[in-house]
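The block underneath contains the structure these notes are about, expressed in structure tokens.
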Amino acid sequence: ISQEENTLRELRIFLRDICAKLARNKQFFMFTKPVDIEEVPDYLEIIKEPMDLETVMSKIDKHCYICARDFLDDIDLIVRNALEYNPDKSAEDKHIRHRACSLRDKAYAFIKAEMDSDFEDTCRDIRDKR
Ligand SMILES: COC(=O)[C@H](Cc1ccco1)c1ccncc1
């Protein structure tokens, strides 16, 4: 099949590996599934676009991401939501904000360590001409 499809398949394999590593990390358990609206009834009044690692994994399989940047935009959304919903001086809010920042840093570090920048450039070219 087309060279472009080969590239995007390789991107999906790569993103699944990174997403799985993030989801395996016990530190990030609160980011692995959607926030439970029964537990947190006001969540959707404050957070307009919920995101979590399970949803990111299903988006990979639905070919939603054409480059690593698109994937990192959803990771950044998980982080932003956690910072916005948990803004207080309390120890538990500080804790989840710290974990959210750690999730972002780990995701960016995995991409940088394991992704060839030429490969990402190729993916960006595919995205930009679609
Ligand atoms: C991304 O997760 C969250 O924003 C929820 C918000 C939340 C508040 C009460 C229940 O859940 C969270 C979960 C675990 N520990 C802290 C906060």
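The values are calculated or read from the model by the stated rules, or taken from the named source; none is laboratory data. Being a predicted model, the structure only gives us computed values, none of them experimental. Note that each Cβ is placed from the backbone with ideal geometry, even for glycine, and that neighbours are counted across all protein chains shown. Just so you know, the surface numbers come from the protein's heavy atoms only, side chains and all, with ligands and any DNA or RNA stripped out. Shrake-Rupley method; radii C 1.70, N 1.55, O 1.52, S 1.80 Å.
Observations on the structure shown:
- Rg ratio (alpha-carbon, reference 2.2 N^0.38 Å) - the chain: 1.13
- Per residue accessible area of the range 1-118, 1.4 Å probe, in Å²: 58
- Segment Arg127..Arg69, full-extension length gain: 19.8 nm, with 0.36 nm per residue of separation and the alpha-carbon distance subtracted.
- Site pair Glu39 and Asp116 shows an inter-label distance of 4.2 nm when each label is modelled 7 Å from Cα along Cα→Cβ.
- Axial C-alpha extent at least 20 Å, average Kyte-Doolittle at least -0.5 - helices from the chain (DSSP): 3-24, 68-85
- Distance violations [Cα-Cα > 28 Å] among Lys21/Lys62; Lys26/Lys62; Lys62/Lys89; Lys33/Lys62; Lys33/Lys129; Lys33/Lys94: Lys62/Lys89; Lys33/Lys129
- If the segment from Lys62 to Glu92 were pulled out straight at 0.36 nm per residue, it would be longer than the present Cα-Cα gap by 7.3 nm.
- For the chain, the relative contact order comes to 28 percent (Cα pairs under 8 Å, sequence separation of at least 6).
- Inter-site label distance for Arg12 and Lys48 at 7 Å from Cα along Cβ, in nm: 3.1
- Portion, in percent, of the accessible area of the chain that falls on carbon or sulfur, probe 1.4 Å: 53
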